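The block underneath contains the structure these notes are about, expressed in structure tokens.
No lab work stands behind these numbers, since they all come straight from the coordinates. All figures in this text were calculated on a predicted structure; none of them were measured in a lab. We place every Cβ from the backbone using ideal geometry, glycine too, and count neighbours over all the protein chains shown.
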Amino acid sequence: MATLTHVTHELTLRNVRGEQIALSDFQDPPTVLVFFTPTCDACRAMTERFRAWPNALPEGVDLQPVFVGQPSDFNSTIEFVPLVEHAWYDDGSVSSAVSANPSPAAVLIDKEHPTGDQPAYGMQQIEQLVVRPGFWQEPIAQEAAQQWKAEAGARLMESGRKADPYGVRTFSTAPKISFRNRPER
């Protein structure tokens with residue numbers, strides 16, 4: 001019979017270059033894995049705020065985007081393009097094992113919860129898991145929001161598209177994404 005440790009070593013994600021990482025490697029430091037699917041409108045709408053979350057994490061916690069599917073599934077969607085190079089890719093086995101369905105969903109992986117603890121679903125629950133209290137009132141968050149809004153407006157003008165009142169179809173290149181690199185296996 002397989003042990004939980006054995007199972008988490010067998011469950012792997014891969015990066016855009018095809019390099020693999022075991023789910024167990026996300027235990028130290030504790031890591032929130034946020035799962036996105038390419039056809040999910042809520043996932044696309046959440047990408048702007050997601051990109052600010054590395055600045056909003058509690059001390060000692062890491063954050064990693066996980067795209068369920070192939071890189072090509074996400075390359076054609078403007079909202080996902082900034083994350084394609086930074087994401088881990090799942091064939092569906094990890095998202096199923098950690099109960100991260102439907103998306104968007106997130107789980108905290110740590111030594112006490114090697115396959116996650118109580119998945120969070122939807123942007124509001126996920127933000128409660130990853131964003132420290134008061135972050136959205138901090139200057140860095142306010143500046144990022146203003147920059148996103150200005151860049152989104154400029155892109156809409158350039159593209160000739162009409163503004164989406166829900167912000168689902170806008171896209172931004174700032175702030176810069178800074179996900180910590182994982183050790184090579």
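Output the number of residues of the range 22-48 satisfying the condition of being under 18 Å from Val84 (Cβ atoms) and crowded, with 18+ Cβ neighbours inside 10 Å. Give the derivation first.
Going residue by residue through the range 22-48, those that are under 18 Å from Val84 (Cβ atoms) are 33-40, 43-48.
Subset that is crowded, with 18+ Cβ neighbours inside 10 Å: 33-38, 43-48.
Total meeting the criteria: 12.
Select from the range 74-123 the residues that are crowded, with 17+ Cβ neighbours inside 10 Å and without any contact (Cβ under 8 Å) to a residue 60 or more places away in the chain and write down the one among them that is nearest to Thr47 (Cα to Cα).
Filtering the range 74-123 for residues that are crowded, with 17+ Cβ neighbours inside 10 Å and without any contact (Cβ under 8 Å) to a residue 60 or more places away in the chain, the one nearest to Thr47 (Cα to Cα) comes out as Phe80.
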